[in-house]
Amino acid sequence: MDKENVESETHGHSALFGTLSRWVSGPVSRWVTVVVWIALIGTLTFVWPSVTKEENNAAQNLAANEPSVIAEQLAAREFPSGEGIPALVVWNREKGLSEKDIASIQQITQTLTDSPLPGQLSVPPYHKLPLPALQASLSPDGSTIVMPVLFQTGLESDQLKERLEQLTTTVKSTLAEDPFAASSRDPEQLNARITGPAGISVDATGLFKDADVSLLIATVVLVLVLLLLIYRSPVLALIPIIAVGFAYGLISPILGKLAQEGIIIVDSQSISIMTVLLFGAGTDYCLFLIARYRTYLTQEADKRKALILAVKGSGGAIAMSGMTVVLSLAALLLAKYGVYHRFAIPFSLSILIMGLASLTLVPALLAILGRASFFPVIPRTDEMRRERAARKGKPLKARKSGKLGGAVGTLVTKKPIAVTVLSLVLLGGLAAFTPGIKVTYDLLSSFPGDMPSREGFATLSDKFNPGSLAPVKVMIETEGKSTEVGDALAKLPYAAQVAEPKEGAKTPSILAYELELTLNPYSYEAMGHIPDIRQTAVDALSRAGVEGAERKVWISGQTAEQHDNEQVTDRDTLTVVPVIIALIALLLLVYLRSVIAMLYLILTVVLSFFSALGLGWLILHYGFGADAIQGAIPLYTFVFLVALGEDYNIFMVSSIWQKVRRGVPLHTAVREGVKETGSVITSAGIILAGTFAVLTNLPIQVLLQFGLITALGVLLDTFLVRPFLVPAITVLFGRLAFWPSRTGKLPGAASRGSHEVQG
C-alpha cells in the first residue's frame, strides 16, 4: 500500500488514532493494555458492589408533583386506615364454594389475626362472621370470594415476596393441601391465586429476575453461533464475547457504586436491556475493526502494520458511532418518567465503555493473536498465498470478490432514481400503518396469561365487577358546604357504584369517594375517563359554591396513575426526540462537514423507525393478536433505532468520504464503499437484530414488543436503508452531498447530471 493511500485512510484522525494504534499493537504495550483492563476490573469488583446487588425494582416512575402522586400523599395523610399494599387472595371453586371451604377460609383469617405475618396490617375478620353473612360476600354464582390481606407500604419487592410466601405457607399448613397449585380451570378443585398490587408487583419482579439469566445465556449462544457461521473461526467468535465480558465486568461495579451512592437507580428491566445492548452494539464495534483488520492483512505482510492501519481506518467511525449512541441514550436524562430516566446513565455508560474496549482491548487481543485470530480461514497477502500454494504444489485459488456487494453497488450507481423511489415506497408504505397503532398502559396485559396474579385478576373480573380490584379514589375539599359530587359520579355511564364518602382524619371538610368502574381499571379506556371524572367533581363543587374548584379535586389509584404515566410519556417524547435528532445532526455535521448528508442521513433513519413501527404493529396485531402495544414502546424503539441505525450509515458513508477525499470518482467511491462495507454491516446487522430478537422469547410483552420492533428496524437499516437508499441518494445529490465541504470539488465527484445516472 502506497504512502498516499495510507495517509488518506487516516485523514482527520491520524494523530489520535495513530498514537492509539501504535500503543495497542506494541510488543509490550499490547500486554500492558490487557493487564490494565484486568487490573481495573479486579480492583473495582473487589471494592465496589455489582450492579445486580443494587437493583431497586420498587422505584417510583412519577415525580412528586404529578397529580396522582399528590393525591396519594393526601390520601395517606387524611385516610390512613386505607393505606397499605393489598394482596387479594381470590378463592374459587367453579362448581361452588362449599360450607367446608368457607370454614377453612375462616380458619385462615383466624390464624392470620392471632399470628399476623411480618408487615401485615389487617385481614378481614371472616372468622367472626356467621355463615349466612359470609355467603353474602360470595360472587353471584357462589363460586368465588376475595380475602384481602393488607401489608405495610415501603416494603422492597424481595420483602413483599417473602411475606406472600409466608402467607401461602400459612394457608397450606392450615388446609393440609395447596390451593395455589390447583388448576383454576378444574371445576372440582378449590384453587387460590394472589392478585392485587402486592401479587402483581411480586410476579412482575420475578419475571424480570428469571429473564436475566435466560436472556444472558440465549444472547451469548446466539452471538457465538452467528459469528461462527459468518466468519467460520472459533477464535474470532470468542473475541467479541471476551470484549463484552470485560466491558460488563467494568460497567457492573461502576453502576453498582453509583446506585449505592444514590446517584442512579437501576432495576431488572434496565439490566436486561443493557445486556442485549452490550452484546449487540459491542459486537458491531468489534466487527467494524476486525473487518478492516482482515482486509489489511490481505495487503500487508506485517501484521502490526495491518492492525495500525485498521485502527486508523475504522477508529473514527467506531468513535463517532459510539458517541452517537452515547449522547442519544444520555438524552433520556431529560425524561421525567422514571423508567426512561433510569435508562440514561446505565445505557450510555455501557456503550461508552464498550467503545473504549473496542478501540483498546480488542486491538490488543488481535495484536497478540495476529493472523491466528481468523483460524482456520487465515487472511494472507497475495505473495504469502503464492508461496503457500507453491509449497503445497497446488494452484493459487482466486479470492472471493464479494459479488453480491459489488452488484448492489453497481445497481445503486446506475439506477439511483429507481432504487430511491422503490425504497421510499416500501418504507413509506410500512410507515403508513403507524397512525393506526393503539397503545396501552395496562401492566397486567404485559404478563403471561398463566401468571398467578393475572389468573387471579381474570377470576375476579369474571366473577365480580372488574373495577373492584382497584377503585378510583376521588377526594374533594368541600369547605364545609353540601355538594352533589357523589350523585354526579354515580351518574357516570362507566360507574358501577360509589361508596359513601369518608371524612378526612385531619381535615373533615375533605371527603373521599371510592368509585368502582364497570371496566378493567388498568385498561386504556378506563384511564381515559380520569379527566372526565375530575371535571365531573369540579363542576359539582362549583355548583355548590366552592371557589377555585379545579384546585380542590384530587384523584388517586391505579387508573389515575396510569393516566399520569401517559401524560408524562407524551411530554417526554416531545422533549427527548428533538434533542436526540439535534445531537445526532450536530455529530454528523462535525464528522462529515456536510449539511446535505446530515439531513438525508437523519431523515432516512427516522423513516426507517416509522417503517419498523408500522411493520411491527402488523406482526403484533395480526400475527400475535395484540390489541395494543405498550405505551413506552414508541419512545424506547425510537431512541435505539435512530442511534443504532445511524451507526451503519456512519460506517458506510465514512468509507465513501475517505475514497472521495483521495480523488476517487463519486460513483466509484459509492460502488466500492457499498461493496467493502456490505459484508461487515450485514454481519453486524444480523447479529444486532438477533440479540434484540432474543427478547421476543421472554414472557413479558413489553420486552417482546420492544425486541421485535427494534430487530425489524435493524434489519430494515441493514438490508434496505444502508445498501440501497442512502448510497442512491448520495449518487443523486452528487457533489451537493458534500455541501458545504469542498470535498465535492475533488476530481470525479460526479454531479446529478452525470451520464452514469440512469432512472
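Being in contact (Cβ under 8 Å) with a residue 24 or more places away in the chain, open to solvent by 10 Å² or more (accessible area, probe 1.4 Å) and under 24 Å from T696 (Cα atoms) narrows it down to one residue among Y648, Y636; which is it?
After ruling out the rest, the residue left standing is Y636.
Output yes when any residue across the stretch 616-626 is of a type outside the set (G, A, S) and at pLDDT below 90, and no when none is. Before you say what the answer is, go through the steps one by one.
Filtering the stretch 616-626 down to residues of a type outside the set (G, A, S) leaves 617-622, 624.
Subsequent filtering for residues that are at pLDDT below 90 retains 624.
Looking for residues that are of a type outside the set (G, A, S) and at pLDDT below 90, one finds at least one in the stretch 616-626, hence yes.
Specify the residue that is nearest to the chain's Cα centre (by Cα); the eligible residues are those in the stretch 652-677 that are β-branched (V, I, T) and open to solvent by 20 Å² or more (accessible area, probe 1.4 Å).
Just the residues of the stretch 652-677 that are β-branched (V, I, T), to begin with: 653, 656, 660, 664, 668, 670, 674, 677.
Applying the additional criterion that residues be open to solvent by 20 Å² or more (accessible area, probe 1.4 Å) yields 664, 668.
Details: V664: 41, T668: 39 Å.
Ranking the qualifying residues of the stretch 652-677, first place goes to T668.
So in the stretch 285-320, with the set limited to residues that are of a type in the set (S, T, N, Q) and not in a loop (DSSP other than H, G, I, E, B), which one is surrounded by the fewest Cβ atoms within 10 Å (Cβ to Cβ)?
Taking the stretch 285-320 first, the residues of a type in the set (S, T, N, Q) are 295, 298-299, 314.
Next, only the ones that are not in a loop (DSSP other than H, G, I, E, B) stay: 295, 314.
Values: T295: 18, S314: 30.
Among those that are of a type in the set (S, T, N, Q) and not in a loop (DSSP other than H, G, I, E, B), it is T295.
For the stretch 499-543, name all the residues that are of a type in the set (D, E, K, R) and under 16 Å from G486 (Cα atoms). Walk me through it before giving the result.
The initial filter retains those residues of the stretch 499-543 that are of a type in the set (D, E, K, R), namely 500, 502-503, 506, 514, 516, 525, 532, 534, 539, 543.
Result: E500, K502, E503, E514, E516, D532, R534, D539, R543.
Among the candidates D450, D442, which residue alone is closer than 15 Å to Y522 by Cα, of a type outside the set (F, W, Y) and not in a helix (DSSP H, G or I)? It would help to see each step written out before you state the result.
On the way: D450 fails: closer than 15 Å to Y522 by Cα.
Going through D450, D442 in turn, just one is closer than 15 Å to Y522 by Cα, of a type outside the set (F, W, Y) and not in a helix (DSSP H, G or I): D442.
Has the stretch 399-419 got at least one residue that is hydroxyl-bearing (S, T, Y), part of a helix (DSSP H, G or I) and crowded, with 21+ Cβ neighbours inside 10 Å? Spell out how you get there, then give the answer.
Within the stretch 399-419, the subset hydroxyl-bearing (S, T, Y) is 401, 410, 413.
Then drop every residue that is not part of a helix (DSSP H, G or I), which leaves 410, 413.
Filter once more, keeping what is crowded, with 21+ Cβ neighbours inside 10 Å: 413.
Within the stretch 399-419, one or more residues are hydroxyl-bearing (S, T, Y), part of a helix (DSSP H, G or I) and crowded, with 21+ Cβ neighbours inside 10 Å.
Residues of the stretch 326-367 being in contact with an Asp or Glu (Cβ under 7 Å, 6 or more places away or on another chain) and open to solvent by less than 10 Å² (accessible area, probe 1.4 Å), which ones? Don't jump to the end; show me each part of the working.
So the first thing to find is which residues in the stretch 326-367 are in contact with an Asp or Glu (Cβ under 7 Å, 6 or more places away or on another chain), and the list is 335-337, 340, 342.
Within the stretch 326-367, A335, Y340 meet the criteria.
Go through the stretch 21-46 and give me each residue that's of a type outside the set (S, T, Y), over 33 Å from the mean Cα position of the chain (by Cα) and surrounded by 15 or more Cβ atoms within 10 Å (Cβ to Cβ). Spell out the reasoning first.
Going through the stretch 21-46, the residues of a type outside the set (S, T, Y) turn out to be 22-24, 26-28, 30-32, 34-42, 44, 46.
Then keep just the ones that are over 33 Å from the mean Cα position of the chain (by Cα); that gives 22-24, 26-28, 30-32, 35.
Scanning the stretch 21-46 gives R22, W23, V24, G26, R30.
So is G393 surrounded by fewer than 23 Cβ atoms within 10 Å (Cβ to Cβ), of a type in the set (G, A, S) and either under 28 Å from V674 (Cα atoms) or touching a residue at least 40 places away in the same chain (Cβ under 8 Å) (or both) or not?
Working: surrounded by fewer than 23 Cβ atoms within 10 Å (Cβ to Cβ): yes; of a type in the set (G, A, S): yes; either under 28 Å from V674 (Cα atoms) or touching a residue at least 40 places away in the same chain (Cβ under 8 Å) (or both): no.
Answer is no for this residue.
Return the only residue of L574, L587 being among the hydrophobic types (A, V, I, L, M, F, W, C) and either touching a residue at least 12 places away in the same chain (Cβ under 8 Å) or closer than 20 Å to T324 by Cβ (or both). Write out each step before concluding.
Values: L574 fails: either touching a residue at least 12 places away in the same chain (Cβ under 8 Å) or closer than 20 Å to T324 by Cβ (or both).
Residue meeting the stated conditions: L587.
Just to be sure, is L603 at pLDDT below 95, more than 18 Å from the chain's Cα centre (by Cα) and open to solvent by 20 Å² or more (accessible area, probe 1.4 Å)? Before the answer, list the steps.
Working: at pLDDT below 95: yes; more than 18 Å from the chain's Cα centre (by Cα): yes; open to solvent by 20 Å² or more (accessible area, probe 1.4 Å): yes.
Yes, satisfied.
Among the numbered criteria (1) over 21 Å from the mean Cα position of the chain (by Cα); (2) at pLDDT below 90, which one does S214 miss?
All conditions are met except number (1).
If you go through the stretch 71-110 one residue at a time, how many are of a type in the set (V, I, T), over 37 Å from the mean Cα position of the chain (by Cα) and closer than 23 Å to P197 by Cα? Don't jump to the end; show me each part of the working.
Within the stretch 71-110, the first condition is being of a type in the set (V, I, T), and the residues that meet it are 85, 89-90, 102, 105, 108-109.
If we keep only those that are over 37 Å from the mean Cα position of the chain (by Cα) as well, we get 102, 105, 108-109.
Imposing the further condition that a residue be closer than 23 Å to P197 by Cα reduces the set to 105, 108-109.
Of the residues in the stretch 71-110, 3 are of a type in the set (V, I, T), over 37 Å from the mean Cα position of the chain (by Cα) and closer than 23 Å to P197 by Cα.
In the stretch 175-210, which residue that is within 26 Å of the chain's Cα centre (by Cα) and of a type in the set (D, E) is least open to solvent (accessible area, probe 1.4 Å)?
Step by step, filter the stretch 175-210, then rank; the result is D203.
Pairs, please: C-beta under 8 Å, at least 6 apart or cross-chain, first residue touching a residue at least 24 places away in the same chain (Cβ under 8 Å) and in the stretch 593-609, second open to solvent by 10 Å² or more (accessible area, probe 1.4 Å) and part of a loop (DSSP other than H, G, I, E, B)?
Filtered contacts from the stretch 593-609: R593/S741; S594/W739; S594/S741; V595/W739; I596/W739.
Can you work out which of the residues in the stretch 722-742 that are part of a helix (DSSP H, G or I) and open to solvent by 80 Å² or more (accessible area, probe 1.4 Å) is nearest to T604 (Cα to Cα)?
So the first thing to find is which residues in the stretch 722-742 are part of a helix (DSSP H, G or I), and the list is 722-738, 742.
Imposing the further condition that a residue be open to solvent by 80 Å² or more (accessible area, probe 1.4 Å) reduces the set to 735-736, 742.
Values: R735: 19, L736: 17, R742: 24 Å.
Among those residues, the one meeting the criterion is L736.
I need the full set of residues from the stretch 678-704 which are open to solvent by less than 10 Å² (accessible area, probe 1.4 Å) and either outside any helix (DSSP H, G or I) or in contact with a His (Cβ under 6 Å, 6 or more places away or on another chain) (or both), in order please.
I700
Go over the candidates T153, T174, T168 one by one and state the one that is under 27 Å from A76 (Cβ atoms) and hydroxyl-bearing (S, T, Y). Before you say what the answer is, go through the steps one by one.
Values: T174 fails: under 27 Å from A76 (Cβ atoms); T168 fails: under 27 Å from A76 (Cβ atoms).
Exactly one of T153, T174, T168 is under 27 Å from A76 (Cβ atoms) and hydroxyl-bearing (S, T, Y), namely T153.
Can you tell me which residue among K303, K257 is touching a residue at least 12 places away in the same chain (Cβ under 8 Å) and either among the polar types (S, T, N, Q) or over 28 Å from S679 (Cβ atoms) (or both)? Talk me through it step by step, then tell me what you get.
On the way: K303 fails: either among the polar types (S, T, N, Q) or over 28 Å from S679 (Cβ atoms) (or both).
Going through K303, K257 in turn, the sole match is K257.
Let me spell it out: the conditions are (1) surrounded by 21 or more Cβ atoms within 10 Å (Cβ to Cβ); (2) out of contact with any helix residue (DSSP H, G or I) (no Cβ under 6 Å at 6 or more places or on another chain), and I217 meets all of them except one. Which number is the exception?
With (1) surrounded by 21 or more Cβ atoms within 10 Å (Cβ to Cβ); (2) out of contact with any helix residue (DSSP H, G or I) (no Cβ under 6 Å at 6 or more places or on another chain) applied to I217, the lone miss is (1).
Please state which one of P501, P493 is closer than 21 Å to Q558 by Cα, out of contact with any strand residue (DSSP E or B) (no Cβ under 9 Å at 6 or more places or on another chain), modelled with pLDDT of 90 or more and open to solvent by 20 Å² or more (accessible area, probe 1.4 Å).
Numbers: P501 fails: out of contact with any strand residue (DSSP E or B) (no Cβ under 9 Å at 6 or more places or on another chain).
None of the other options fit; the residue is P493.
Which condition number does T507 fail, the rest of (1) closer than 15 Å to A75 by Cβ; (2) modelled with pLDDT of 95 or more; (3) of a type in the set (S, T, N, Q) being met?
Every listed condition holds for T507 apart from (2).
Quick check on S453: is it in contact (Cβ under 8 Å) with a residue 24 or more places away in the chain and either closer than 26 Å to L695 by Cα or open to solvent by less than 30 Å² (accessible area, probe 1.4 Å) (or both)? Please lay out each step first, then the result.
On the way: in contact (Cβ under 8 Å) with a residue 24 or more places away in the chain: yes; either closer than 26 Å to L695 by Cα or open to solvent by less than 30 Å² (accessible area, probe 1.4 Å) (or both): yes.
Answer is yes for this residue.
How many residues are in contact (Cβ under 8 Å) with a residue 24 or more places away in the chain and open to solvent by 40 Å² or more (accessible area, probe 1.4 Å) if we restrict to the stretch 235-253?
Residues that pass the stated criteria total 4.
The values are calculated or read from the model by the stated rules, or taken from the named source; none is laboratory data. What you are looking at is a predicted structure, and each value in this text was computed from that prediction instead of being measured. FYI the Cβ positions are ideal-geometry reconstructions off the backbone, even for glycines, and counts take in every protein chain you see. Keep in mind that these areas ignore ligands, DNA and RNA; they rest on the heavy atoms of the full protein, side chains included. Shrake-Rupley method; radii C 1.70, N 1.55, O 1.52, S 1.80 Å.
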